Amino acid sequence: MPASGVKVVRRWLLPLALLWAHNAVIGQVEIHPSGNPVSASERQWHREELSTPTGKRWGWRTQMRHDAPHYLVFPFPPTREVVEVVFFVKTPPKGQRGVNFGLSFGAPVHWANEALRLAFGGNGFLLQQDVGDWFTWRSRFSWLSVAPFPFGEWVKVCLVADPSIGAFQIWLNDHPVAPTPLPFLSPTPQVSCFFLFNGEGSGTVAEVSEPKIHFGALPNAPKSLRVISVNPHRLRLMWRPSETPRVSAYRIYRRGQFLAEVPAERTEWDDTTVKTGEAYGYFVTAVALGVESLPSWADAAMPLLPLPLAPRSFSLSVLYDLVVVGATPAGIAAAITAARFGHKVALVERTTHIGGMMTGGLSATDRRYRQASGGLLVEFLQRIARFYAQAYGKGSVQHRGCRDGYLFEPKVALQVFRQMLAETPNLHLYLRHELVGVLKNSNRVVAILLLDKTRGIRWRMDGRVFVDATYEGDLAALAGARYQVGREGRHEFGEEFAGELFWDTRKMALPPEQRLVFGKPEGDTKVQAYNYRLTVTKRADNRMPLSAPPDYSPELYAEIVERVREGLLWHPMEIVSLVKLPQQKFDANNTPGPFPSTDFIGANYEYPEADWHRREGIARAHRNYILGLLYFLQTDQRLPNEFRIAASHWGLAADEFTDSENFPPQLYVREARRIIGDYIFTEHDARPTFQGRRTPVHEDSIAVAEYPIDSHATTPRDLKKPYLHEGFFYLPNITAPSHVPYRILLPRAKDGMPLEGLLVCGAVSATHVGFGTLRLEPVWMALGQGAGTAAHLALTKKVSLRQVPVHELQRLLLEQGQVIAFFHDLPPPHTPEFAAVQFFAVRGFFDTYEVGANELVDEETARKMLHWFAELLRRPLPYAFGTTSPLPTQRDVVRWLAALLKVSEAEVLARCQVSEFRPEAPLPRGQLCLWLYRLFHWRP
């Protein structure tokens, strides 16, 4: 049996002429890009005998050009069989574009008909035209690097394409250029011509031999491979059969190595040689007459432990140390954190869906600076990256495509969260339990009432501490917390971007802040728009067809027709914002253009305070609106035919959200209620105090928010002014990394008194504008971890949540790798300086975002830090720190600290845990912070 996928690929091509492949008698025609044949006098492609390293060959010579290029087309009958094309080509000199080539369904007069297009680039790489890593309004196709080639040499090209799965492989000089299949540009149902193109060049001569074209050289590949976890020791593979009738068997490969062969009537197989929690990637090939197909598209999964579902009990009351309502990422973080500290934790979710938006379609993690990531978020990201590395290989296209875990498939995120929960002791998960009431003792939450939607009974859950991790703030509201819905006025908190404002899409060339037009300064109760984050694909065998949703109204989207006629839209996916994920999937979000997108603006005003019956109706309306939008793009006869064809190439990924018809189960509730807590986070907290300086510091900071303040539109667009989006803004140039205070988690009751026993880590205390930098899953997850840690301290110290010692809360968070103060050059989490510099940053020791941990401390800096340290300890200065040299020595600092603390110098060194004291050596800034940090937390 073959040993690896790569070796299999080499074997596939050897017996082509000896087997059942058939050749077609191929002619050729030279055409304009419009599709019209050229006259004899206009020809640019000249048939000549070419001199190649393997001898004389008939072929074609042309000159690359920008103006009026031509196609040389080799038509054949439309086919879904595997097509193989072999030819020789003279590669271009360095810096010059070489010949384009590809396959098309019909003449290549429109990219919607082009299955694939490649070119020899002036950068020395074979390039593939396709949608890039990010695609939205006014985007263009990208030229993606596939493999290097030598300049100015003859190269043998072998192209093998399988229209049934929308994939191809290519070999240069008999060497495969990619370890896995490459996707079609447009997943056309058939192909019917091979083409050469001499455009996008600047005069260099191109030479190409006569292409040899074969059909059915290989069997079609199996389709739609899916891998699922059956139990902790078993994975199940399921696939659809090859379209080739003569298939005799299927071969299964795991991590690129041959694993098993099954007869052709089998399209399912279980792998029982797997380890729990380890990811495995597979592909399947079809075998016909001893020849293997191209690999199927790969898939992966890991055998999962069962979820820690709460045991069925006949008791109508139960007590937990911590009760977390909402299995969002914030809720999962709070629950896992407290459970890892040894507390008995309940995680309550009204649906069967866990992971909120991070498993519900929001797969492109919103992060401006990765240095802000820490704690459980980093653990989650590392597990994502490890999944792709284990399953497909370190450095594989999937592993690279996950971008260190920041981009992922929803089903992979779900597996990771499931495994994290399953591995956590002391945690019980309650699914299909709806919060229906709250019980209080005076101003303290002591219990909640739940409706078990499976058994149809109501019962009581008692807790010592509660966390509201819902997007809607439901627990806080039922507990009587004060909250706000909508937008503040411009003068309530002095926020520049509060009130009414308009984003003008005609000003896209200007910086984002200059695209805004200010309207009325008053606030209102409008809520920024919701949508669903779709997971879409153009992979032919993993794309679900669309049908018209209930109450479909094409007039909702008719404006798109006008934008296409005006030339403002050339690609149907411009109406969304696409971010590429692993496995040929894309996260599709709203884009603010002069046309409808996926945000259903204005349809959510009732949602924050509605009951769940009404909310579910609002969610259905959003679902139908988005499905109607996609259906309109594919079917409305007012749109050009090619536009509709291109739209039909995209669909919902068939292997995602399989329990909800491949549609995300979680509505993207960007903002609902916002509690009014002990501190209200505003626009000012996310803006630097001075240019180049930090945002206002908070001594009780427990997380960092660094994404640009933004909001989606709040008012439906006026069709007479389609370019204006009221309520939309994106403010990267004024937003700087901020310090998120613990106090925004602490709610107050309607009478203004503290509401005890409850932390809110989703619907936190902030203005609408301030919320714009907090409402990101990484921030919510960090706040959830902060809530879980605060609950632990309150429980162990037997104090209220407001009495939790902030410095101990921060110490525990920092020990968990949490980031509470941003630095561009933050020391790594495994270093002792990681915690020290952040602890003092939130106490004002650093004016900027540069720590310079290895820079030597000068006298002025040492004086400031030591004097501030004395203030923190509330001790009088023994004397003004000073030295006789510009760089204080270690002895200078130790002597001053000994005087401050009234202990011996030896005692200072012991408390600082100094293993190597160099009295005359200067002191790096990070080391000084570390000494002070250890002194601050020293206990006898």
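From largest to smallest, what semi-axes in whole angstrom does segment 457-526 give when each is the square root of 5 times an eigenvalue of its alpha carbon gyration tensor?
Numbers: eigenvalues 303, 45, 22 Å².
Here the semi-axes work out to 39, 15, 10 Å.
222 nm [θ] for the chain, helices only, -39500 (n - 2.57) per DSSP H run of 4+, per residue, to 500?
That comes out to -6500 deg cm²/dmol.
Quick one: of 344/797; 411/453; 90/156, which pairs are farther than 20 Å apart, Cα to Cα?
Correct reply: 411/453.
Evaluate 2.2 N^0.38 Å with N set to the residue count of segment 280-367, then give the Cα radius of gyration divided by it.
Ratio of Cα Rg to 2.2 N^0.38 Å: 1.70.
Calculate the radius of gyration of the Cα atoms of the chain to one decimal place, then report Dmax, the largest Cα-Cα distance, as a whole number, both in Å.
Cα-based Rg and Dmax for the chain come out at 31.3, 100 Å.
Tell me the GluC sites (Glu not before Pro) within segment 670-701 that lie in a loop according to DSSP and have at most 15 other beta-carbon atoms within 10 Å. Let's see the in-between values first.
On the way: sites: 671, 683, 699; in loops: 671, 699.
Sparse-neighbourhood loop GluC sites (Glu not before Pro): 699.
Hey, can you grab everything whose amide H is under 5 Å from the amide H of residue 438? Only 5+ residues off in sequence or another chain; H modelled, so Pro and N-termini drop out.
Sorted by chain and number, the residues that satisfy this are 449.
Obtain the radius of gyration and the Kirkwood radius of segment 50-206 from its C-alpha atoms and give Rg over Rh.
Here Rg/Rh amounts to 0.94.
Residue 397: net charge of surrounding residues, Cβ under 15 Å, Lys/Arg +1, Asp/Glu -1, itself excluded? Before the final figure, lay out the partial values.
On the way: positive: 255, 394, 400, 403, 539, 580, 585; negative: 130, 133, 299, 404, 409.
Net of charged neighbours comes to +2.
Provide, in order from the shortest bin, the percent of all Cα-Cα pairs of segment 487-591 in each 10 Å bin, continuing until the bin that contains the maximum pair distance.
Calculated P(r), rounded to whole percents: 11, 26, 34, 21, 7, 0.
Find, to one decimal place in angstroms, the Kirkwood hydrodynamic radius of segment 572-668, where the mean of 1/r is taken over every pair of different Cα atoms and then inverted. Don't jump to the answer; show the numbers that get you there.
Values: mean 1/r = 0.0672 Å⁻¹.
The Cα-based Kirkwood calculation yields 14.9 Å.
For segment 370-430 and segment 783-799, compute the distance between their C-alpha centroids and round to whole Å.
25 Å
Kirkwood hydrodynamic radius, computed over distinct alpha-carbon pairs, for segment 24-78: how many Å, to one decimal?
Final number for the Kirkwood radius of segment 24-78 is 12.8 Å.
Could you check the spin-label model distance between residue 394 and residue 638? Points 7 Å from the Cα along Cα→Cβ, value in nm.
Each label point lies 7 Å from its Cα, and together they span 5.6 nm.
Please turn the phi angles of segment 68-77 into ³J(HN,Hα) values with the Karplus equation 6.51 cos²θ - 1.76 cosθ + 1.60 (θ = phi - 60°), one per residue in order, whole Hz, x for glycine and proline.
With coefficients 6.51, -1.76 and 1.60, one gets 6, x, 10, 9, 10, 10, 10, x, 8, x Hz.
Take every Cα-Cα pair in segment 382-441 and report what % of them are more than 20 Å apart.
46 percent
Which whole-number percent gives the relative contact order of segment 563-699, counting Cα pairs below 8 Å spaced six or more residues apart? Before the final figure, lay out the partial values.
On the way: 105 pairs, mean separation 21.7, N = 137.
For segment 563-699, the relative contact order is 16 percent.
At a temperature of 25 °C and a viscosity of 0.890 mPa s, determine how fast segment 127-232 diffuses translationally according to Stokes-Einstein, using the Kirkwood radius over alpha-carbon pairs as Rh; express D in µm²/s, rounded to the nearest whole number.
145 µm²/s
Where the centroid of each part is defined by its Cα atoms, how far is segment 253-286 from segment 632-705 in Å?
37 Å
In Å and from the alpha-carbon atoms only, list the Rg and Dmax of segment 360-492.
19.8, 58
Within the P(r) computed for segment 236-318, what percentage of the Cα pairs occupies the region above 22 Å?
When all Cα pairs of segment 236-318 are counted, 39 percent exceed 22 Å.
Between the alpha-carbon centers of segment 861-875 and segment 596-612, tell me the distance in whole angstrom.
Measuring centre to centre over Cα atoms gives 51 Å.
Going from most exposed to least, what order do 613, 233 have by accessible area with a 1.4 Å probe?
On the way: 613 145, 233 115 Å².
Greatest to least solvent exposure: 613, 233.
Using a 1.4 Å probe, what is the accessible area per residue for segment 39-173, in Å²?
I get 38 Å² per residue for this part.
Calculate the FRET efficiency for residue 565 and residue 212 from the Cβ-Cβ distance with a Förster distance of 56 Å, rounded to the nearest 0.05.
0.80
Quick one: P(r) of segment 652-807 from all Cα-Cα pairs, 10 Å bins, percents rounded to integers, in order of increasing distance.
Pair shares across the bins are 10, 32, 29, 20, 8, 1, 0.
Among the lysines, which fall within straight-line cross-link reach of residue 720, defined as a Cα-Cα distance under 29 Å, with same-chain neighbours fewer than 8 residues apart omitted?
Partners within reach: 507, 520, 526.
Rounded to a whole number, what is D in µm²/s for segment 768-847 from Stokes-Einstein with the Kirkwood radius over alpha-carbon pairs (4 °C, 1.567 mPa s)?
The calculation lands on 94 µm²/s.
With unit charges on the beta carbons (Lys and Arg positive, Asp and Glu negative) and the dipole taken about the Cα centre of segment 554-646, which residue among 633, 596, 646 sits farthest to the positive side?
646
Bin all alpha-carbon pair distances of segment 172-227 at 5 Å intervals from 0 and give each bin's fraction as a whole percent.
4, 8, 13, 22, 24, 15, 7, 4, 2, 1, 0
For segment 687-735, state the average projected area of the convex hull of the C-alpha atoms over all orientations, rounded to one decimal in nm².
4.8 nm²
Please work out the Kirkwood hydrodynamic radius for segment 827-919, using every pair of different C-alpha atoms, and report it in angstroms with one decimal place.
Evaluated on segment 827-919, it is 14.3 Å.
Based on the Kirkwood radius over alpha-carbon pairs, what value in µm²/s does the Stokes-Einstein equation return for the translational diffusion coefficient of segment 782-940 at 10 °C and 1.306 mPa s?
Result for D is 96 µm²/s.
From the backbone phi of segment 560-571, what are the Karplus-calculated ³J(HN,Hα) couplings (6.51 cos²θ - 1.76 cosθ + 1.60, θ = phi - 60°) in whole Hz, Gly and Pro given as x?
The phi angles translate into 4, 4, 5, 5, 5, 5, 7, x, 7, 10, 10, 10 Hz.
Please give me the summed charge of the neighbours of residue 190: other residues whose Cβ is under 15 Å from its Cβ, Lys and Arg +1, Asp and Glu -1.
Here the charged neighbours net out to -4.
Need one number for segment 730-876: average projected area of the convex hull over its C-alpha atoms, nm².
11.3 nm²
Could you work out how much longer the chain between residue 493 and residue 508 gets when fully extended? Use 0.36 nm per residue separation minus the Cα distance between them, nm to one decimal. Show your work: numbers first, answer last.
Numbers: separation 15, 0.36 × 15 = 5.40 nm, distance 2.90 nm.
Full-extension gain reported as 2.5 nm.
Quick one: grab Rg to one decimal and Dmax as a whole number for segment 426-497, Cα atoms only, in Å.
Rg then Dmax for segment 426-497, in Å: 16.3, 51.
Looking at the square roots a ≥ b ≥ c of the eigenvalues of the Cα gyration tensor of segment 534-573, which shape do they give, rounded for a/c under 1.5, prolate if a/b is larger than b/c, or oblate?
Oblate, since a/c reaches 1.5 and b/c is not below a/b.
Taking square-rooted eigenvalues a ≥ b ≥ c of the alpha carbon gyration tensor, is segment 81-154 rounded, prolate or oblate, where a/c under 1.5 means rounded and, failing that, a/b exceeding b/c means prolate?
Oblate, because a/c is 1.5 or more while a/b does not exceed b/c.
The values are calculated or read from the model by the stated rules, or taken from the named source; none is laboratory data. Worth saying up front: this structure is predicted, and the values here are computed from it rather than measured. Using ideal geometry, Cβ is built from the backbone for each residue, glycine included, and neighbour counts are taken over all protein chains shown. The area values use the complete protein model at the heavy-atom level, side chains included, leaving out ligands, DNA and RNA. Shrake-Rupley method; radii C 1.70, N 1.55, O 1.52, S 1.80 Å.
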